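In what follows, a single structure is set out as structure tokens and then discussed.
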Amino acid sequence: MAWEVVVGIETHAQLLTKSKIFSGAATVFGAPPNTQSAALDLALPGTLPVLNAAAVEHAIRFGLAVGGKINARSILARKNYFYPDLPKGYQISQYELPIVQGGAMRILAGEAEKTIRLTRAHLEEDAGKSLHEDFRGMTGIDLNRAGTPLLEIVSEPDLRGAKEAVAYARALHALVVWIGVCDGNMQEGSFRCDANVSVRKAGSDKLGTRCEIKNLNSFRFMERAIEFEAKRQIQLLEDGGSVVQETRLYDAERDETRSMRTKEDAHDYRYFPDPDLLPVMVSNAQIEKIKAALPELPEARRTRFEREYALSAYDIAALTASRAAADYYESLVETSGADPKICANWQNGSLARSLNQHETEISRSPIPAPKLGQILQRVADGTLSNKTAQKLFDLAWSSPDLAIDELIEREGLKQMSDAGAIETKIDEVLAANAQQVADYKAGKEKAFNSLVGQVMKATQGKANPAQVNEILRRKLGAWAT
């Protein structure tokens, strides 16, 4: 029996604000437990929340970026449930009237593009954190995260399988970082996803019973968790059982999901408007101001790169994987004056390999775009060969404080372009390789390539390859006659 896997994603993106959503406490990651908790975050009597204006602006920024509707009036509500790290006994969130409704994300699903609809994006506060590992037989409560501003982004169940879900999560992650509303640090919990997974018979329009997998903080774990959960549900159904709606956790060590609790429905939380907070009112003027300040969005950037630089789809996808990568590329093209394709090859080749090897973000590259641009300039003006340019790149990576021209002089990398000197080396190589000369005369083209290699070896790779080819062919032609 053929089955279809249906996935919807709920994402919690921590908004880039200096203080919490309803208090003045800081949001810096890694502080000692309970050192960033204001009286409000501790739920002390008599404290009242004050909405952080920057959090509202970030939510609007996101809504505009995905083409959603910004509601002129939205409501902050109390979501009631008990948990040890939720001292108020409720979480302030949005329910019936969120700040953003609708919108869409475009992803690459296999070879084709696909549009994923968004249901909503709403503001809410984070809960605290329960600490189990540091206390023998007890649990500690850290309320540093309590009140941290979140934007919960909910997709429609438009995703089919684990790979599409990961493609969507990656695209969403790139977008929130691109527009500057979230730092995207998954290790620190700034970007967390819950996956709602169900299965149904292929061709059916009816959704199956869903299970929610909580707090997936890596794309790799998301893919594995969804694949396991889909197989688990299919096996249940094929064995004549039924899927129970529940919340599950993913165990990375065992590569399996396990039951956490029965899944609640909205009415279980007894939502009602928070009496301590007024409705959030957004004016058209405010929306237009935020819209004007938005950067060029990823899709528009990709379209422009295709139009202006005539690059392949692969190159464009890599160069626009992040806003920092796209900015680097444009700076490289501008400062080097090189062909856009050559710039793309260097950024997607040598630079990307070095960044991956050293686990470094492009924004922290020890070779900024203008410096790589200088290397490409030295190739263009004949100072460097492509081979010595790569050697120079490696040296520049490990010696970020030294100028490019200084490294060229210090390492003796300047390309040999003196025709007389190259001709002398070629004569020596021809004299020492009579058999290869004979092979070339007999029509074996590979012998020519071998002779070129011998000349480059004799000049320690410094000879201008174009000149070597030209002079060598001329000399071989004269020898042949």
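Worth pointing out:
- Residue that is nearest to Leu216 (Cα to Cα) [pool: residues in the stretch 246-276 that are outside any strand (DSSP E or B) and in contact with a strand residue (DSSP E or B) (Cβ under 7 Å, 6 or more places away or on another chain)]: Lys263
- Residues within the stretch 328-368 that are in contact with a Cys (Cβ under 9 Å, 6 or more places away or on another chain) and under 16 Å from Arg301 (Cβ atoms), tallied: 3
- Residue ranges of helices (runs of 4 or more DSSP H) in the stretch 300-357 with at least 1 members farther than 20 Å from Phe393 by Cα and either modelled with pLDDT under 95 or of a type in the set (Lys, Arg) (or both): 313-319, 323-336
- A single member of Thr459, Thr388 is within 21 Å of Ser354 (Cα to Cα), of a type in the set (Ser, Thr, Tyr) and under 45 Å from the mean Cα position of the chain (by Cα), and it is Thr388.
- Only a single criterion out of (1) under 30 Å from the mean Cα position of the chain (by Cα); (2) closer than 30 Å to Glu299 by Cβ; (3) not in a strand (DSSP E or B) is not satisfied by Pro33, namely (2).
- Of the residues in the stretch 216-234, not one is assigned to a strand (DSSP E or B) and open to solvent by 40 Å² or more (accessible area, probe 1.4 Å).
- Residue that is nearest to Ala112 (Cα to Cα) [pool: residues in the stretch 321-355 that are among the polar types (S, T, N, Q) and surrounded by 21 or more Cβ atoms within 10 Å (Cβ to Cβ)]: Gln347
- Only a single criterion out of (1) modelled with pLDDT under 95; (2) under 27 Å from the mean Cα position of the chain (by Cα); (3) open to solvent by less than 60 Å² (accessible area, probe 1.4 Å); (4) farther than 30 Å from Ser242 by Cβ is not satisfied by His173, namely (1).
- Some residue of the stretch 242-260 being modelled with pLDDT under 95, of a type in the set (Val, Ile, Thr) and touching a Phe, Trp or Tyr at 6+ places or on another chain (Cβ under 9 Å): yes
- Residues (open to solvent by less than 40 Å² (accessible area, probe 1.4 Å) and either over 16 Å from Ile9 (Cβ atoms) or among the aromatic types (Phe, Trp, Tyr) (or both)) located in the stretch 176-189: Trp178, Ile179, Gly180, Val181, Gly189
- Residue pairs meeting the criteria (Cβ under 8 Å; at least 6 apart or on separate chains; first over 29 Å from Glu57 (Cβ atoms), in the stretch 72-84; second open to solvent by less than 20 Å² (accessible area, probe 1.4 Å) and not in a strand (DSSP E or B)): Tyr83/Ala127
- Flag for Gly30 being among the small types (Gly, Ala, Ser), closer than 24 Å to Asp158 by Cα and either surrounded by fewer than 18 Cβ atoms within 10 Å (Cβ to Cβ) or out of contact with any Asp or Glu (no Cβ under 8 Å at 6 or more places or on another chain) (or both): no
- The strands (runs of 3 or more DSSP E) falling completely within the stretch 67-162 that include 1 or more residues that are closer than 30 Å to Lys201 by Cβ and open to solvent by less than 20 Å² (accessible area, probe 1.4 Å) map to 104-109, 112-125, 149-155.
The values are calculated or read from the model by the stated rules, or taken from the named source; none is laboratory data. Since the model is a prediction, treat every value here as computed from it, not as a measurement. Every residue, glycine among them, receives a Cβ derived from its backbone with ideal geometry; neighbour counts consider all protein chains shown. Protein only, heavy atoms only, side chains kept; ligands, DNA and RNA dropped before computing areas. Shrake-Rupley method; radii C 1.70, N 1.55, O 1.52, S 1.80 Å.
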